[in-house]
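The values are calculated or read from the model by the stated rules, or taken from the named source; none is laboratory data. In this text the structure is predicted, and so the values were computed from the model without any measurement. As a convention, Cβ positions derive from the backbone with ideal geometry for all residues, glycine included, and neighbour counts pool all protein chains shown.
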Amino acid sequence: MTAARALISGLPREELQNLAKEIQTLMTTAPKEKRVAAVGQKAWFAFMRHCRDTMAERFTTCKSAPDYAVVCKAIRQEDEAVYTAFVEKFKAENSAPTSDAEVSSAKPAPVAKPVAKSAEKEQKAAAKSAEKAAAKSAEKEQKSAEKAAKKEAVRLAKEGAYLAKEAEKEAAKQQKVAAKEAAKQQKAAEKEAAKLAKLAAKPAKGTKATKAKPATAPISAEATPAPAEAEEDAMPKITIEGTAYWHDESTNGLYSIDDAGGFGDWVGYYQPDNEEEPIRYTATPE
């Protein structure tokens with residue numbers, strides 16, 4: 001029996017299942033004596049399992065089925081009465097059929113489910129679990145992306161509002177500067193118009209004209225020699241880059257001299273400290 005156990009202990013699971021079926025068939029067709037012997041063998045196997053479960057410390061050096069059988073045989077020899085009682089109890093609890101009718105009505109032992117089917121079931125479960133995990137991860141990433149997009153939209157809206165406010169401030173500032181400059185030019189124009197009106201009201205002759213002063217600009221500009229009646233002029237003349245102009249010394253305004261030697265059109269403003277652009281041309285005194 002020990003040799004038989006050692007022989008079958010290394011068989012694959014599928015072959016063990018087939019062997020169990022064959023033993024079951026032999027048990028249902030063998031004579032009563034063989035069936036009783038089979039029960040006795042089962043009792044011995046049960047006793048060996050009982051010894052291993054209750055006295056594990058005595059099997060620490062065992063490495064194969066024959067080693068376990070030798071130790072169990074020694075335990076049996078130590079107390080045969082205990083072994084006999086164990087066998088009787090096992091036979092009472094696992095009595096074999098005593099007649100062919102009982103044998104025919106006995107149900108075969110359940111066959112273990114194929115390993116391949118179980119593996120396929122586990123594979124399907126793993127695939128389903130992986131699919132659920134992937135869907136959950138994708139949903140999480142989508143929510144994170146939506147949250148980031150909303151946050152960016154809020155940031156851009158705040159930035160746009162800030163830029164619009166700054167643009168309004170700048171526009172208001174420029175408008176204020178433009179209005180101030182326009183008022184300044186308007187005041188200068190009114191002052192110039194009043195001065196011209198005052199000059200026009202003076203008699204052209206019989207009055208002593210203001211004596212022309214030499215130009216102090218760094219450029220080579222000198223006062224044009226006044227004709228005999230220059231003392232009677234109401235405004236001095238100045239020559240700039242070879243051209244003579246009427247020169248208003250109070251504002252540095254320049255007027256052209258017409259063919260008759262009188263006042264012509266407005267030219268611009270004299271800039272005595274600017275050698276590159278001694279005249280700032282403007283359309284009007286403003």
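Brief remarks on what is shown
- Given (1) of a type outside the set (Gly, Ala, Ser); (2) modelled with pLDDT of 50 or more; (3) not in a helix (DSSP H, G or I), index of the condition Thr210 fails: (2)
- Filtered by the rule that a residue be touching a Lys or Arg at 6+ places or on another chain (Cβ under 8 Å), in a strand (DSSP E or B) and among the hydroxyl-bearing types (Ser, Thr, Tyr), the range 242-261 gives a lone residue, Tyr245.
- Options Lys147, Lys140, Lys136, Lys124; residue that is surrounded by 10 or more Cβ atoms within 10 Å (Cβ to Cβ) and closer than 30 Å to Glu14 by Cα: Lys124
- In the range 68-79, the residues that are assigned by TED's automatic domain parsing to the domain that holds Ala56 reach residues that are not in a helix (DSSP H, G or I) with C-beta atoms within less than 6 angstrom, at least six apart or across chains, in these pairs: Tyr68/Cys62.
- Selected residue (only one of Lys113, Lys117, Lys128, Lys124 is at pLDDT below 90 and in a loop (DSSP other than H, G, I, E, B)): Lys113
- Within the range 262-285, the residues that satisfy the criterion of being part of a loop (DSSP other than H, G, I, E, B) and either crowded, with 16+ Cβ neighbours inside 10 Å or hydrophobic (A, V, I, L, M, F, W, C) (or both) are Gln271, Pro278, Ala283, Pro285.
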